[in-house]
Amino acid sequence: MGEDFGQMFEESMRSVKPGEIVRGRVVKIGAEVVTIDIGYKSEGHIPVSEFRQRDGTLTVSEGDEIDVYFDAADSEQEGIVLSRAKAEQYRVWHDIEESYNNKTPIEGTVVGKVKGGLKVDIGVAAFLPGSHVDLRPVRDLDRFVGKKGQFAVLKFNRARANVVVSRRAVLENERTSLREETLRLLEEGVILEGTVKNITDYGAFVDLGGIDGLLHVTDISWGRIGNPSELIHVGEKINVVVLKYDAEKERVSLGMKQLVPDPWSTVTERYTVGNRVHGKVVSLADYGAFIELEKGVEGLLHVSELSWTKRVTHPSKLLSVGQEIDVAILEISPEHRRISLGLKQITQNPWELVRANHPVGSRVHGKIKSLTDFGVFVEVEEGIDGLVHISDLHWTKKIKHPSELYKKGDEVDAVVLGVDVDNERVSLGIKQVTPDPWLTMTQRHALGSRIHGKVTSVTDFGVFVEIEEGIEGLVHISQLSTERVEKPSALFQVGKEVEAEVIHIDPREHKMGLSIKALRKSEERAEMEAYLKRERDEARFSFEDILREELRLDRDEGEGREGQPKP
């Protein structure tokens, strides 16, 4: 037995040679050295410092088996020289060579930034060029310092202790493997997990594993979003569904909102026209505000539905983004994904009160708020103005602009002519406060009566004559003379005073017909009647004289006969 052991020991002695890595066992840990038994005729010693970490902690215990470097044998003292550090270096370079030859990654930690790239600790210091840090160019290399990772060995020189590694090569290999797996799974409708790589205004690019897909902004949420970054962030892992896959072009369209039910499909189950609901202002536009009623469902509050009385030019005058308000549902259109909302409808309609408080025919007193070419606006109640059309300012005056009679701030009386609640309009009349002079025209100017006035205008069809302030009558060309008139302007000029006879009055249409020819005929007829009257009077007077003379003679004869004797 002793002979066999001695033989085995001698064989082991012969098999262990300086310059090799051997397996040994820690037999003792001293204050200065660690004693290692490698099966040699004598034990070796390694400084304890080679087994301490930076914080001073020992990495070995008595009885542990470790690899050491057999540096040399001391034949005189029959001792051996071992090294833990050289064993580690030997192993590192061996791993580097294996990684390079087999094209397998090696693990390391980025420990610092150097000119042109990064410094990586893989057991020895290795150089990571900036172009090999990531799949795409990286501007900020500092964010990689301190991170662990897998690296491919591009080249090495042990004699010069020079190693160049690449992180990009490892990522490309991983991407290729992932790409093959992803392409195998890709088809429309499949749900995958991806990582947000990049965000743009129109969407986000999602890494599905070796292949990128586009998640359009309209497919992120059922609701309105201004930018994808409101809901997703670069580096975030999200679940997406494949909406379309073009294998030939390798284009993938993705959707995220499709993973949850469309809230618009059941919107009529939760909202009813006329109901009052609570929402939040999410955006403002010139034409109105968008109100979020729930996630994915927004309604439009048009600028015209903000106030019953105020003329709101922009919703920002009353609302702000983020404000919570109550609104009324005016209309629901699920097929068009549209809900119309109203803010003013949650309060009583003041126009209904106007109709009740100011019925047609009643009088109002108010200030003129503004003047326009077509009339004036008079305040009926606070915030509610009524329009007096230019035609309702005066019964008889021809007004070209309301400023001829009124100015802003004047207080006037007016009559309510109409209240249109649906169109939010009140019609007023100022002239209606006084009676229409045309209604009593026949009392002042009876048919056949003579009028005196001035010519205000001369046209091809006749002459207009003013008979009262603002009231004109027309002498038609056929009524200008008893003789035929070709051109009225040849006989009449503006400002000329004329007399005519009233031949027609239409109070409703505010029209009066005059005739100079009729006046002439009336004058002739009057003269003829006067002449005939004079003739009749003269004939009557002559006949009476004859009768009186005959009576006198008869009387005289009678008296004469009375003085004579009777026969």
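What follows draws every value from the coordinates through simple rules; no lab data is involved. Everything numeric here is computed off the predicted structure, so don't read it as measured data. With ideal geometry, Cβ positions are generated from the backbone for all residues, glycine too; neighbour counts draw on all protein chains shown.
Taking each DSSP H run with n ≥ 4 as -39500 (n - 2.57) and averaging over every residue of the chain yields -7000 deg cm²/dmol at 222 nm.
Maximal additional length on extending the Arg338-Asn227 stretch stands at 37.8 nm, based on 0.36 nm per residue less the C-alpha distance.
By the Kirkwood approach, averaging reciprocal distances over each pair of separate Cα atoms, the chain gets a hydrodynamic radius of 38.0 Å.
Taking all pairs of different Cα atoms in the stretch 488-540, averaging 1/r and flipping that mean, what Kirkwood radius in angstroms comes out? Please report the intermediate quantities before stating the final value.
Details: mean 1/r = 0.0722 Å⁻¹.
Every distinct Cα pair counted, the radius reaches 13.9 Å.
Phi-derived couplings, Karplus 6.51 cos²θ - 1.76 cosθ + 1.60 at θ = phi - 60°, listed residue by residue for the stretch 304-310: 6, 9, 7, 8, 6, 10, 7 Hz, with x used for Gly and Pro. Of the residues Ala518, Leu474, Ser489, the one whose Cα sits farthest toward the positive end of the charge dipole of the stretch 437-520, with +1 on the Cβ of Lys and Arg and -1 on the Cβ of Asp and Glu, is Ala518.
Straight-line cross-link reach from Lys280 at under 26 Å between alpha-carbon atoms covers these lysines, not counting any fewer than eight positions away in the same chain: Lys257, Lys295, Lys310, Lys317, Lys344. What is the list of residues in the stretch 205-219 whose amide nitrogen lies under 15 Å from a point 7 angstrom out from the Cα of Arg136, following Cα to Cβ? So the set is 205-215. The slack in the chain from Lys295 to Thr440, taken as 0.36 nm per residue of separation less the alpha-carbon distance, amounts to 45.2 nm. If the segment from Ile399 to Asn275 were pulled out straight at 0.36 nm per residue, it would be longer than the present Cα-Cα gap by 39.7 nm.
So for the stretch 271-345, taking the charge dipole from beta-carbon charges (+1 Lys/Arg, -1 Asp/Glu), which of Val297, Tyr271, Leu341 sits furthest toward the positive end? Farthest towards the positive end: Leu341.
So what's Rg/Rh here for the stretch 337-440, counting alpha carbon atoms and using the Kirkwood radius for Rh? My calculation puts Rg/Rh at 1.06. Going from the fewest other Cβ atoms within 10 Å to the most, the residues His336, His314 appear in the order His336, His314.
Think of the stretch 103-171 as having a plus end and a minus end, set by charges on the Cβ of Lys, Arg, Asp and Glu; of Gly123, Val111, Val138, Val138 sits farthest toward the positive end of this dipole.
Evaluate E = 1/(1 + (r/R0)^6) for Trp93 and Glu174, where r is the Cβ-Cβ distance and R0 equals 25 Å; express this FRET efficiency to the nearest 0.05.
Values: r = 26 Å, r/R0 = 1.02.
Calculated transfer efficiency: 0.45.
Histogrammed with a bin width of 10 Å, the alpha carbon distances of the stretch 193-263 distribute as 22, 57, 20, 1 percent, first bin at zero. Counting only DSSP beta bridges with both residues in the chain, the antiparallel share comes to about 90 percent. For the stretch 103-171, place one equal point scatterer on every Cα, skip the solvent, and apply the Debye formula. What is log10 of I(q)/I(0) at q = 0.11 Å⁻¹? Those come out to -0.21, one per q. Start at zero, step by 10 Å, and the Cα-Cα distances of the stretch 54-167 spread as 12, 35, 28, 16, 6, 2, 0 percent across the bins.
Each Lys and Arg adds +1 at its Cβ and each Asp and Glu adds -1 at its Cβ; summed about the Cα centre, the chain shows a dipole of about 1020 debye.
Please state the relative contact order of the stretch 103-171 as a whole percent: Cα pairs under 8 Å, 6+ residues apart? Intermediate values should be presented prior to the final figure.
Values: 142 pairs, mean separation 24.3, N = 69.
Answer for the stretch 103-171 is 35 percent.
Summing Lys and Arg as +1 and Asp and Glu as -1 over all other residues whose Cβ lies under 13 Å from the Cβ of Ser522 gives a net charge of -1. Counting other Cβ atoms within 10 Å as a rough exposure proxy, the listed residues Thr57, Thr440 run Thr57, Thr440 from fewest neighbours to most. In terms of surrounding Cβ atoms within a 10 Å radius of their Cβ, Ile191, Ile505 rank from fewest to most as Ile191, Ile505.
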